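K.L.:
First, the structure itself, so that you have it in front of you.
The values are calculated or read from the model by the stated rules, or taken from the named source; none is laboratory data. Just so it is clear, the model here is predicted, and its values are computed rather than measured. Here the Cβ positions follow ideal geometry from the backbone for every residue, glycine too, while neighbour counts run over all protein chains shown. Remember, those area values only see protein heavy atoms, side chains included, never the ligands or the DNA or RNA. Shrake-Rupley method; radii C 1.70, N 1.55, O 1.52, S 1.80 Å.
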Amino acid sequence: MKIICHGGAGHTPKVQDGVDKAAEKGWSVLKETDNALEAAITAVIIMEDDFRFNAGTGSCLREDGSVQNDSSVATSDGRMGAIANLRNFKNPVLIAKELLDEFPVMLAGKGAIEFALKKGYKQTKVKGSEKGWTGDTVGAVVQSSKGDIVVASSTGGVRGRPVGRVGDTPLWGSGFYCDEKIGIVATGVGEAITEQLLCYRVAQHSENLEEAMEWGVRLLPKDTGVGVIGINNNGQICGSSNTSMPFSIIER
Ligand code: GLY
């Protein structure tokens, strides 16, 4: 059993306690249920509900002052769900999770909002945060004792970007990737991560996960904040960033 959570590339180490709490809560769900999906969602919700992180309630503001959220979930049994440009839902990761067993697997804007309402989620004003560095995202990767891997990620995007802009977080292979051997999520400047198809490419080099992640981070310019975390089924669990990305690992 393993869990790794991150609180966003470039975030201050002062929020380490929030990332630790997410990992601990996710871990207690994992220990109790051995359900990697529920553990990953629990961990991400803890950070979405913590105003210090750029996800859920603490999301950064777009050019027009609005909050728009992207989120994704994927499982090693071949399912994925992603939402983009969602507005005014407290926990976007829950809506991405709803798409795991749907077809289509990805919804954006008005369609994502209508889907969330149909599933019974309530729209409530998410004011977001004017403070802080803007590239943060939150994410979790979890492996159960059976070997199932789940990845989950959630973000408010990057401060000041245009309305309708979509970053890496909901883009398969860019901001998240999961198969039967590995799960990876990324954080940082979404445009650069997407151009590099970062998570998928790291996964292709993952016999040594730590080296693969360092290689992946080096694909981006040094001054472009980026980070990745992941688990593979060789028993490796790690994170790498060219910034001060806080992350937390629990394993047994
Ligand atoms: N990595 C989050 C974003 O660029 O939207």
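K.L.:
Please give the FRET efficiency for Lys181 paired with Glu130, using the beta carbon to beta carbon distance and R0 = 45 Å, rounded to the nearest 0.05.
P.N.:
Efficiency at R0 = 45 Å is approximately 0.65.
K.L.:
Provide the per-residue ³J(HN,Hα) series for region 169-176, in order, calculated from phi with Karplus coefficients 6.51, -1.76, 1.60 and θ = phi - 60°, each as a whole number of Hz, with x at glycine and proline positions.
P.N.:
Ordered by residue, 3J(HN,Hα) equals 4, x, 9, 4, x, 8, x, 7 Hz.
K.L.:
Could you size up the charge dipole of the chain around its Cα centre, putting +1 on the beta carbon of Lys and Arg and -1 on that of Asp and Glu, and report it in debye to the nearest 20? Let's see the in-between values first.
P.N.:
Values: 27 positive and 31 negative charges, 158 e Å.
The dipole of the chain has a size of about 760 debye.
K.L.:
Let me ask another. Per residue, how much accessible area does region 10-131 show when a 1.4 Å probe rolls over the protein heavy atoms, in square angstrom?
P.N.:
Here the residues of region 10-131 average 45 Å² of exposed surface.
K.L.:
Same structure again: Determine the share of region 1-154's accessible area contributed by carbon and sulfur atoms, expressed in whole percent, with a 1.4 angstrom probe.
P.N.:
52
K.L.:
Peptides 179-186, 77-84: what's the order by average Cβ count within 10 Å, highest mean first?
P.N.:
179-186, 77-84
K.L.:
Which one of Met1, Gly173, Gln16 is farthest out on the positive end of the charge dipole of the chain, using unit charges on Cβ (Lys, Arg +1; Asp, Glu -1) and the Cα centre as origin?
P.N.:
Among Met1, Gly173, Gln16, the one farthest towards the positive end of the dipole of the chain is Gln16.
K.L.:
Under Stokes-Einstein, with the Kirkwood radius over Cα pairs standing in for Rh, what whole-number D in µm²/s applies to the chain at 37 °C and 0.692 mPa s?
P.N.:
On the way: Rh = 17.0 Å.
Calculated translational D: 193 µm²/s.
K.L.:
Using the Kirkwood radius over C-alpha pairs as Rh, can you work out the diffusion coefficient of region 54-111 via Stokes-Einstein at 25 °C, viscosity 0.890 mPa s, in µm² per second?
P.N.:
D = 210 µm²/s.
K.L.:
Express the accessible area of region 155-236 per residue in Å², computed with a 1.4 Å probe while the remaining protein chains stay in the model.
P.N.:
40
K.L.:
If each DSSP helix of 4+ residues adds -39,500 (n - 2.57) and the sum is divided by the residues in the chain, what number results at 222 nm, nearest 500 deg cm²/dmol?
P.N.:
-8500 deg cm²/dmol
K.L.:
Of Ser28, Ser174, Ser76, which has the largest mean-square fluctuation in a 10 Å C-alpha GNM of the chain?
P.N.:
Highest fluctuation among the options: Ser28.
K.L.:
What residues have an amide H closer than 5 Å to that of Met106, excluding those fewer than 5 places away on the same chain, when H is modeled at 1.01 Å from N in the peptide plane?
P.N.:
Under 5 Å from the amide H of Met106 lie the amide H atoms of Ala82, each far enough along the sequence or on another chain.
K.L.:
In addition: Cross-link partners among lysines for Lys181, C-alpha distance below 26 Å, same-chain residues fewer than 8 apart left out?
P.N.:
Lys2, Lys25, Lys31, Lys97, Lys146
K.L.:
Give the lysines whose C-alpha is closer than 16 Å to that of Lys127, dropping any in the same chain fewer than 8 places away, or say none.
P.N.:
The qualifying lysines are Lys90.
K.L.:
How would Leu107, Leu117 rank on accessible area, largest to smallest, probe 1.4 Å?
P.N.:
Descending order: Leu117, Leu107.
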